Amino acid sequence: MKITKEEVSHIASLSRLSFEPEELDVISLQLNDILIYIEKLNGLDTSGVEPVTHAHDLVNAFRDDEVKEWLSNDEAMDNAPQSDNGQFKVPRII
Amino acid sequence: MEFEAVIGLEVHCQLKTKSKIFCSCSTDFGAPPNTHVCPICLGMPGVLPVLNKKVLEYALKLSLATNCSINNRNIFARKHYFYPDLPKGYQISQFDLPIAEHGWIEIEKQDGTKKRIGITRIHMEEDAGKLIHDDKRPLSYVDLNRTGTPLLEIVSEPEISAPEEAGEYLKVLRELVRYLEISDGNMEEGSLRCDANISIRKRGDTELGTKTELKNMNSFRHVQKALEYEIRRQTALMLDGQKIVQETRLWDEAKGITLPMRGKEEAHDYRYFPDPDLIPVEISAEWIDDIKNGLIELPAQKRERFKAQYGLPYEDIRSLTASRALADFFEECVKKFNNPKKVANWIMVELMKLLKQDALDIAQCKIQPQHLAELLLLIDEGKISGKIAKDILEKTYATGRPPTDIVNEEGLLQVSDDDTLYSVCKEVATENPKEVDKFRAGKKKVIGFLVGQVMKKTKGKANPKRVNEILIELIG
Ligand SMILES: [Zn+2]
């Protein structure tokens, strides 16, 4: 196995996701298949090749420090499942 | 057994740009919740963050001012954690290639000696939003106005060995960001935030002990007190043969103690990776030179120059260079009234007293440098007494009227005309026969009282030196 069930559980909890044990079995197997497929890339010899973070050569895209109005509070709240007094309402975490 | 503390500080400094780091929303404080937001800082899918050039400039300024080496290539990274103050589920930060590394700043220790504290790295990142927790129900309310406000994180080497040194380090850093005008540097208001890593070890040991991370300190004093407490706590555990647990602890100001942060302490597992939305930044040598050439005189250099140029005592120099505006005020004033020591005294005593009363900053003060110079010249020429000058300074402070105008309009010119002075002195001598007798009997100190009476009658406008001479002539 490329990935253990414990690792999958750990990543799930970091992502605030919870799974039933049987779901965890399925997901672990699927992730394992994906990792095996991706592993093919390791067959290439990349010694001496600089790591690339972006697919193109562009550098230095900047904005000037100028303020622009974007959304009203109503618009900002439009997608919120729950809101109160112009604020997003969420379950308490701590 | 003697222990020593090993302290490293992580400071977050909010930059005072007009707009956020990756979008054009305003960074102003105090707006109604979620009114300075846009699809980018709300974390909507499909948006494209673009770096604010000013943030980079400010970062370069601080990097140069802290003697760091600047990385020519910068990459932004995603730091993942799930918390409602962070709508994207990750914070855009820097990881492998921060803007600057390997710098130092110099602090002054209690005994006056200097010490260099290494700067491990400085990187750019975005601030998170604000949560307000409901006190009755298990709910939180999220305001994302602050999300995306630019921050610099400044990480020190673990080279601080006492709480006072930590306080000094923070003061030097605050002074720097204020001189550079890149941040308000206000800890109470959150524009400067500090977390501390601290461990202790037997004096002389080279290996580091287990550290704890301290958070929730909102002033320099809190930082020092929290570190002092933590040193005592860790020392007691060590002496008791117990293990120190690596954990995050929160400073509780009311109780004066640190407490472990509640909730499950997840090992930091941020899954950093380069942010594909932000293309790399390449900083040319010319650009660095430009910033370097445009860099203002830093506090340490200014203090050296003040010493050489004005020959003032060290304490005076420290007070006068506490802010750039104050130092400029002093220098402007000396240009017009070339007596540095006198100017320094008047600024540090009289002017500071007035500013302190109203908790004002020199920049908000109605007294201009030429006003003070004018006033000192009036004293120097014997036109007004020191006492009258203080009254005039208060009036200029309140209204911004130039001292010369006040003197002319209110007839405050010192009376040096002998006829007037003789007649007032005679009056005072007649009205105070007992004191005159005492003086004649050899109690020379009484003269001070009589001079005071003359000053009272002339509303402080008499020239005290001349009054003294005349009185002695009359009754001696
Ligand atoms: Zn925005």
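The values are calculated or read from the model by the stated rules, or taken from the named source; none is laboratory data. The structure presented is a predicted model; accordingly, all values stated were derived computationally and were not measured. Counting neighbours? That spans all protein chains shown, and the Cβs are built from the backbone with ideal geometry, glycine included.
Please specify each residue of segment B:116-148 satisfying the condition of being farther than 27 Å from B:Lys54 by Cβ, of a type in the set (D, E, K, R) and at pLDDT 95 or above.
B:Arg116 - this is the single residue of segment B:116-148 that is farther than 27 Å from B:Lys54 by Cβ, of a type in the set (D, E, K, R) and at pLDDT 95 or above.
Are any residues in segment B:132-169 surrounded by fewer than 18 Cβ atoms within 10 Å (Cβ to Cβ), within 14 Å of another protein chain (Cβ to nearest Cβ) and not basic (Lys, Arg), and if so, which ones?
Residues satisfying the conditions are B:Ile132, B:His133, B:Asp134, B:Asp135, B:Pro138, B:Leu139.
For B:Gly129, all conditions in the list (1) more than 14 Å from chain A (Cβ to nearest Cβ); (2) touching a strand residue (DSSP E or B) at 6+ places or on another chain (Cβ under 7 Å); (3) small (Gly, Ala, Ser) hold save one; what is the number of the exception?
Unmet for B:Gly129, out of (1) more than 14 Å from chain A (Cβ to nearest Cβ); (2) touching a strand residue (DSSP E or B) at 6+ places or on another chain (Cβ under 7 Å); (3) small (Gly, Ala, Ser): (1).
Just name the residue that is nearest to the ligand (Cβ to nearest atom) out of those in segment B:1-24 that are closer than 18 Å to B:Gly190 by Cα and more than 13 Å from chain A (Cβ to nearest Cβ).
Per the criteria, the residue is B:Gln14.
Looking at segment B:38-64, which of its residues are part of a loop (DSSP other than H, G, I, E, B) and either more than 10 Å from the ligand (Cβ to nearest atom) or farther than 30 Å from B:Ile288 by Cα (or both)?
Within segment B:38-64, B:Cys38, B:Pro39, B:Leu42, B:Gly43, B:Met44, B:Pro45, B:Gly46, B:Val47, B:Leu48, B:Val50 meet the criteria.
Consider segment B:271-292. How many of its residues are surrounded by fewer than 19 Cβ atoms within 10 Å (Cβ to Cβ), in contact with a helix residue (DSSP H, G or I) (Cβ under 9 Å, 6 or more places away or on another chain) and within 22 Å of B:Val47 (Cα to Cα)?
Counting residues in segment B:271-292 that are surrounded by fewer than 19 Cβ atoms within 10 Å (Cβ to Cβ), in contact with a helix residue (DSSP H, G or I) (Cβ under 9 Å, 6 or more places away or on another chain) and within 22 Å of B:Val47 (Cα to Cα) gives 1.
Out of segment B:21-36, which residues are within 28 Å of the chain's Cα centre (by Cα) and of a type in the set (Ser, Thr, Tyr)?
Listed by number, the residues that qualify are B:Ser26, B:Thr27.
Listed here are the residues, each with its yes/no results for (1) in a helix (DSSP H, G or I); (2) within 30 Å of B:Pro33 (Cα to Cα); (3) more than 8 Å from chain B (Cβ to nearest Cβ).
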{"position": "A:Leu17", "(1), (2), (3)": "no, yes, yes"}
{"position": "A:Leu24", "(1), (2), (3)": "yes, no, yes"}
{"position": "A:Ile27", "(1), (2), (3)": "yes, no, yes"}
{"position": "A:Asn42", "(1), (2), (3)": "yes, no, yes"}
{"position": "A:His54", "(1), (2), (3)": "no, no, no"}
{"position": "A:Glu75", "(1), (2), (3)": "yes, yes, yes"}
{"position": "A:Pro81", "(1), (2), (3)": "no, yes, yes"}
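If you go through segment B:106-131, how many residues are touching a helix residue (DSSP H, G or I) at 6+ places or on another chain (Cβ under 7 Å) and surrounded by 23 or more Cβ atoms within 10 Å (Cβ to Cβ)?
Counting residues in segment B:106-131 that are touching a helix residue (DSSP H, G or I) at 6+ places or on another chain (Cβ under 7 Å) and surrounded by 23 or more Cβ atoms within 10 Å (Cβ to Cβ) gives 3.
Listed residues B:Val6, B:Val55, B:Val50; which is crowded, with 20+ Cβ neighbours inside 10 Å and out of contact with any Gly (no Cβ under 6 Å at 6 or more places or on another chain)?
B:Val55
Would you check if there is a residue in segment A:65-79 being surrounded by 15 or more Cβ atoms within 10 Å (Cβ to Cβ) and away from the ligand (no atom under 16 Å from the Cβ)?
Scanning segment A:65-79 turns up no residue that is surrounded by 15 or more Cβ atoms within 10 Å (Cβ to Cβ) and away from the ligand (no atom under 16 Å from the Cβ).
Which of the residues that make up segment B:304-317 are part of a helix (DSSP H, G or I) and touching a Lys or Arg at 6+ places or on another chain (Cβ under 7 Å)?
Correct list: B:Ile317 only.
Given the criteria acidic (Asp, Glu), within 16 Å of the ligand (Cβ to nearest atom) and either in contact with a helix residue (DSSP H, G or I) (Cβ under 7 Å, 6 or more places away or on another chain) or within 12 Å of chain A (Cβ to nearest Cβ) (or both), does B:Asp85 qualify?
Answer is yes for this residue.
For segment B:186-208, state whether one or more residues are more than 17 Å from B:Val11 (Cα to Cα), surrounded by fewer than 18 Cβ atoms within 10 Å (Cβ to Cβ) and hydrophobic (A, V, I, L, M, F, W, C).
yes
Write out, first by first residue and then by second, each pair whose Cβ atoms fall under 7 Å of each other, whose residues are 6+ apart or on separate chains, and whose first residue, in segment B:25-40, is more than 8 Å from chain A (Cβ to nearest Cβ) and closer than 11 Å to B:Asp143 by Cβ while the second is in a strand (DSSP E or B) and among the hydroxyl-bearing types (Ser, Thr, Tyr).
Filtered contacts from segment B:25-40: B:His36/B:Ser26.
For segment B:25-37, which positions are surrounded by fewer than 24 Cβ atoms within 10 Å (Cβ to Cβ) and within 13 Å of the ligand (Cβ to nearest atom)?
Selection gives B:Ser26, B:Thr27, B:Asp28, B:Ala31, B:Thr35.
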